[in-house]
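Below is one structure; the comments refer to it alone.
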Amino acid sequence: MNKYKNMFMKTRTILILAVMLMAGCKSKTGDADAFGNFEATEVIVSSETNGRILKIDPTEGTNIEQGQTIAIIDTTIYTLQENEIVAAMKSIRTRILTTDAQNEILSQQIKNIAVNISRTEKMMKDDAATEKQYDDLTGQVEVLKKQISANNTTKVSTAAELAVYESKKATIKEQINRCTVKSPLSGTIIEKYSEAGEITAAGKPLVKIADLAVMKLKAYVSGGEIGKVKIGQQCTVRIDDGKSGYNQFAGTVSYISGKAEFTPKIIQTKEERVILVYAVKVDVRNEGALKAGMPGEVVFK
């Protein structure tokens, strides 16, 4: 009798421990409010011009700062075009200076004739000069004024031509600047598509950069819980640490979907896929432990 009683007590103890372990495991995973995967902001940096790649230093896995040079494209063609435009602009400016000089000569001639007109008027009072002489002088003045007016019209046309070349020069200058490809953000080079010496084209990818400093956990929250989640809310993000532990990180809710969707198949069982959920993104400062695609969970309480 005692033998069976002892066996019963042992069996009961084992069952109680099993239930406690199951309950402990359930409480450990059940207190998470949402589950998902980490994402990184990725940017593909492409060439903006055509030409041979003279230099492309960054290698995969290296960190790069915003504004740091990634690649340098050959600028020889653009430089030659710029020199041609500069020479044309110099010629145009010379024509404008010539026109100004001609107008100065004509203006001086008008001043000289004006002196003669004044003398002729006095001489006419004494009948020492004729009216025809006076008319000839005033006629010369009108002709000179019309020449100045014509020169000014030509000068305006020449200045407009110069403005066109200035615009072309600015375009070439911008093309030369774009031959130096710079990083649009601080991050890590995760893929490199080109090497020095290769011919590239506008729009052709050079490298892919990921901002791994701040990772985004894209998780899904049920309709019953979404009302408790707010933009800017602080929360706790966890990832697995071995078989039973967690690594915890501080997170901030940065996005809440305005539209419900069915639970993604990749993170829930078939029975739970009929539940409507909302996508939520949580920003987490990454010190190296978080990777893109890694699963994680979030606790909003």
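Laid out as a table, the results:
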read-out: Amide H contacts under 5 Å for Glu39, placed H, 5+ residues apart; value: Lys216, Leu217, Lys218, Gly293
read-out: About the Cα centre, charge dipole magnitude for the chain (Lys/Arg +1, Asp/Glu -1 at Cβ), debye; value: 1940 debye
read-out: The range 76-178, relative contact order [Cα under 8 Å, separation at least 6], %; value: 50 percent
read-out: Dipole-positive endmost among Ile92, Ile110, Thr188 within the range 69-193 (Cβ charges, Cα centre); value: Thr188
read-out: Pair Ser257, Ala163: separation of 7 Å Cα→Cβ label points (nm); value: 5.4 nm
read-out: Calculated SAXS-style log₁₀ I(q)/I(0) at q = 0.09, 0.13 Å⁻¹ - the chain, Debye, Cα scatterers; value: -0.76, -1.02
read-out: Built amide H within the under 5 Å cut-off of Asp33, gap 5+; value: Val298, Val299, Phe300
read-out: For the chain, calculated [θ]222 nm from helices alone, where every DSSP H run of n ≥ 4 adds -39500 (n - 2.57); value: -15500 deg cm²/dmol
read-out: Projected label distance in nm at Arg52 and Gln68, using a 7 Å step from Cα toward the beta-carbon; value: 2.7 nm
read-out: Amide hydrogen neighbours beyond the local backbone of Tyr255, cut-off 5 Å, H modeled; value: Lys281
read-out: Cβ-derived FRET efficiency at R0 35 Å, Val156 paired with Leu80, nearest 0.05; value: 0.70
read-out: Lys pairs under 25 Å by Cα in the range 76-178, provided they are eight or more residues apart or on distinct chains; value: 18
read-out: Helix runs (DSSP H) in the chain reaching 15 Å along axis by Cα, Kyte-Doolittle at least 0.5; value: none
read-out: Reach of Lys218 by Cα under 13 Å, taken over aspartates and glutamates that are not fewer than 8 positions away in the same chain; value: Asp33, Glu39, Asp283, Glu297
read-out: For peptides 116-126, 74-84, sequence by mean Cβ density within 10 Å, most packed first; value: 74-84, 116-126
read-out: Debye-sum result for the range 88-242 in log10 I(q)/I(0), which assumes one identical scatterer on each alpha carbon, at q = 0.09, 0.12 Å⁻¹; value: -0.67, -0.85
read-out: For the range 277-282, Karplus couplings with θ = phi - 60° (6.51, -1.76, 1.60), whole Hz, Gly/Pro x; value: 10, 10, 6, 10, 10, 10
read-out: Low-density loop positions, trypsin sites (Lys or Arg not before Pro), the range 161-232 - DSSP coil, at most 11 other Cβ in 10 Å; value: Lys230
read-out: Stokes-Einstein translational diffusion, the range 111-195 - Kirkwood Rh over all Cα pairs, 0.890 mPa s, 25 °C, in µm²/s; value: 128 µm²/s
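Coordinate-derived values only; no laboratory data. Computed from a predicted model, the values in this text were never measured in an experiment. Note: ideal-geometry Cβ built from the backbone for every residue, glycine included; neighbour counts use all protein chains shown.
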